[in-house]
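Worksheet for the structure shown next.
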Amino acid sequence: MAWVIISIIVTVLAAFAVINGVGLRKQGKLDEGTMWIAGALVAWLVIVFGWGATRTFHEVPAGHVGVVYQFGGITGQVSDGFQTTWPWQSIREASIQIQRATYELGQGNAAFSQESQDVFAAATINYQVLPSAIQSLYREVGPDYEHVLIEQRVFQTFKEETVKFKAVDVAPNREVIRQRVRGRLTQQLEPYSIRVVDFQLGNLDFDPEFKVAVRNKVIAKQKAQQALNEVQQAKYEAEKVLAAANGQARANLRLSHSLTPELVRYTLVQKLGPNLQVIAVPSNSIFNATDLFGKNSP
């Protein structure tokens, strides 16, 4: 547009200069008139054709396409490499490479848990615009489509997913939240021919007060578990002692049932020294000479 306006102005001025030069030549001022005419033509050629030539040739970088504008409107697009357009047209480069955008959900823009605890994170999205859709995307949304379409959707979708979990469950379900957000963003951006390549969550954090409370709760739980383990260990040791006592009692009971006077006397005799010849036995004892030394005893 600027080239057209300036070219018109230069053409008008050059025409007046030529007319003035022709007038001077008619007045006999040949050299002066010729200078006016030559200067007007040179200026017109330099500005109109010279500047126009620089606006005609373009180089679009690899991984980009050129969106062609004419008088403020989009008329088409060109691929990467060396391209030409009319001087009154312009090209705006648009990336079709995989792009990355990171958004900080910090103080004042944090997500929330189910119990309204602040959840902080760094959300990173990798996305790519389909080459065939660049023209329509620029026409319908504009070059700032990342801010218009992607940024707010990332914030809103992440917040809608974290609020489904309690604060203590957000970190353990980090992968679940990431997959859900990625899936929803894919569905939301697909109509605009924006492909979600990946979505990542980093720097997941909470308020310091909440982290202290969680840490204290964990410590208390660990101490309670330790005390429970000690009680269970003491119970186990007591059960072992009781089992041993019960076993000994049962053994003693079986032993007492198996004892007879004859067995007691026999065991006693076997324990006596083999060379023992004389033994004194009380008159009221359960032993007698026959029991101790046999029927042939004196």
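Placing a pseudo-label 7 Å from each Cα along the Cα-to-Cβ vector at ILE5 and ILE19 gives an inter-label distance of 2.4 nm.
Heavy-atom accessible area, probed at 1.4 angstrom with all protein chains present, ranks ASP80, ASP31 as ASP31, ASP80, highest first. Once the chain from GLU93 to GLU237 is taken as fully extended at 0.36 nm per residue, the excess over their C-alpha distance is 43.9 nm. Accessible area ranking (1.4 Å probe, heavy atoms, ligands and nucleic acids excluded), largest first, for VAL10, VAL163: VAL163, VAL10. For ASN126, the shell of other residues with beta-carbons less than 11 Å away shows a net charge of +2, using +1 for Lys and Arg and -1 for Asp and Glu. Of the residues GLY76, TRP36, ILE98, the one whose Cα sits farthest towards the positive end of the charge dipole of the stretch 1-114 is TRP36 (charges of +1 on Lys and Arg Cβ, -1 on Asp and Glu Cβ, taken about the Cα centre).
Rolling a 1.4 Å probe over the protein heavy atoms leaves THR11 with an accessible area of roughly 60 Å². With both labels modelled 7 Å from their Cα along Cα-to-Cβ, the ASP31 to THR56 distance reads 3.7 nm.
Applying 1/(1 + (r/R0)^6) with R0 = 51 Å to the Cβ-Cβ distance of THR84 and ASN203, what FRET efficiency is obtained, to the nearest 0.05? Before the final figure, lay out each step's value.
Numbers: r = 48 Å, r/R0 = 0.93.
Efficiency, from the Cβ-Cβ distance: 0.60.
The values are calculated or read from the model by the stated rules, or taken from the named source; none is laboratory data. Please read all numbers here as calculations on a predicted model, not as lab measurements. Reconstructed Cβ throughout: ideal geometry from the backbone, glycine too, with neighbour counts over all protein chains shown. These area figures cover heavy atoms from the full protein model, side chains too; ligands, DNA and RNA do not enter into them. Shrake-Rupley method; radii C 1.70, N 1.55, O 1.52, S 1.80 Å.
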